[in-house]
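Just so you know, all these numbers are worked out from the coordinates, no wet-lab data involved. What you see is a predicted model; the values in this text were computed from it and never measured. Don't worry about glycine lacking a Cβ; one is built from the backbone with ideal geometry, like all the others, and counts go over all protein chains shown.
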Amino acid sequence: MESIALAYLAAGIGAAGAVIGAALGIGKLASAAMDGIARQPEASGDIRGAMILTAAMIEGVAIIALVVCIMLTIK
Amino acid sequence: MLFGSALNSITTIARLVVEEGEKGHGEGAGNVLEHVIDHTVIHLPTVLGVDLSITYHTIFMWVATAILLLVLPAVFGKRRMIPSGLGNALEAIVVFLREDIIDNYLGKDGKRYEPYILTVFFFIVTNNLLGLVPGGASATSDISVTATLTLITLGTVTFSGMKKYGVIGFWTGMVPSGIPVVLIPLMFVIEVLGLLAKHFALAMRLFANMTAGHLTILSLIGLIFIFKSYIIAPFPIIGATAVGVLEIFVAFLQAYIFTLLTSVYISMALHQDH
């Protein structure tokens, strides 16, 4: 019983940590991209493409972390 | 199996919300769940451990396929210099994908992969948008559909890499050059795992985004049943409408990201030197 409760607790803390990390990463990325677009509006297309690609990479790591958390709650 | 049971635990929470509501006001609560839970419509036998039953998601996947098979040939069948109406809108999408994704990441190899990438984009975007139709469901909020799409992408990536570099050359070429000999087996394992993890994340991203949108709408509507009050009703409805508008954007964004990453992975397999 106790171990199951601990697993749920770990999943919750882990999900929170993964989300904090992903939010920091994507926030930093987006702020830099906005800076770039503001300085150089004509490059906005290239910057947007690169931003989405990098955001998807960060999101991918976060998704893997969240899947580990889901596995903790159902095992 | 794993993600099926994960989804089950999520839907159990959703069912609790709705059951709570049924104790109170009840009617219409079941309709909210239609979006999230997959129902079996026609029971079919299990063959080789695979359940062949036709579910709600299967039917809506067929609906999406039928829409694409009817609409796209009707629009693009005749070659016209100046397209009109729907043809114009679809051509804008095709040109955007071709210039922004395919030419950008695949270059001169792009011509060969263009049919696959465009097919995947239109299939995903139609499925995503069908989930927003009242009474509809999006097949992409089912892990088996996104996993199948990802397996096709993984097959395309490895096959095109092996076609260019040879079977052995592709797998050994994944290890970056210039590292100590002792590290080569370790790096090989890491690179192979990385290849699988990238595609796994591709499937999970689409599945999670489509399911999360429906669950957000469900929990917003569920607030009405939790509070059991008509006064609270306008706020969740405004919220659910806003999420619905966001969902239209997400439907296109996720299809775009899926196709973008597909072409990036193909180009990474084709250009192993960097």
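Things to note:
- Of the two radii for region B:121-274, the radius of gyration is 1.17 times the Kirkwood radius, both from the alpha carbons; that is the Rg over Rh value.
- The label point for A:Met57 and the one for A:Ala23, both projected 7 Å from the Cα toward the Cβ, are 2.4 nm apart.
- Annotation: region B:107-174 has a Kirkwood hydrodynamic radius of 14.0 angstrom, from the mean reciprocal C-alpha pair distance.
- Divide the volume of the convex hull around the Cα atoms of the protein assembly as shown by the residue count and you get 218 Å³ per residue.
- Applying 1/(1 + (r/R0)^6) with R0 = 45 Å to the Cβ-Cβ distance of B:Ser177 and A:Leu6 gives a FRET efficiency near 0.50.
- In sequence order, calculated HN-Hα J values of region B:166-173 (Karplus, 6.51, -1.76, 1.60; Hz; x Gly/Pro): x, 4, 6, x, 5, 6, 6, x
- Gyration tensor verdict on region B:52-120 (Cα atoms; rounded if a/c is under 1.5, prolate if a/b is larger than b/c, oblate otherwise): oblate
- What you get for region A:18-75, charging only the Cβ of Lys and Arg (+1) and of Asp and Glu (-1), is a dipole of about 220 debye around the Cα centre.
- Computed on the Cα trace of region B:52-175, the radius of gyration divided by the Kirkwood hydrodynamic radius gives Rg/Rh = 1.04.
- By the Stokes-Einstein formula, at 1.002 mPa s and 20 °C, chain A with its Kirkwood radius over alpha-carbon pairs has D equal to 153 µm²/s.
- Nitroxide proxy distance, nm - points 7 Å out along Cα→Cβ at A:Ser31 and B:Lys108: 4.4 nm
- Angle between chain A longest axis and helix A:44-74 axis [Cα atoms, degrees, rounded to 10]: 0 degrees
- Links that overshoot a 29 Å alpha carbon limit, given the list B:Lys111/B:Lys198; A:Lys28/B:Lys164; A:Lys28/B:Lys163: A:Lys28/B:Lys164; A:Lys28/B:Lys163
- Two-site FRET efficiency, B:Ala212 against B:Phe76, from Cβ-Cβ distance with R₀ of 41 Å, rounded to 0.05: 0.75
- Cα-based helix-to-principal-axis angle, A:2-39 vs chain A, degrees rounded to 10: 0 degrees
- Computed label-point distance, nm, for sites B:Leu48 and B:Leu193 using a 7 Å Cα→Cβ extension: 3.1 nm
- Fully extended contour minus Cα-Cα distance, from B:Leu68 to B:Val133, at 0.36 nm per residue: 21.8 nm
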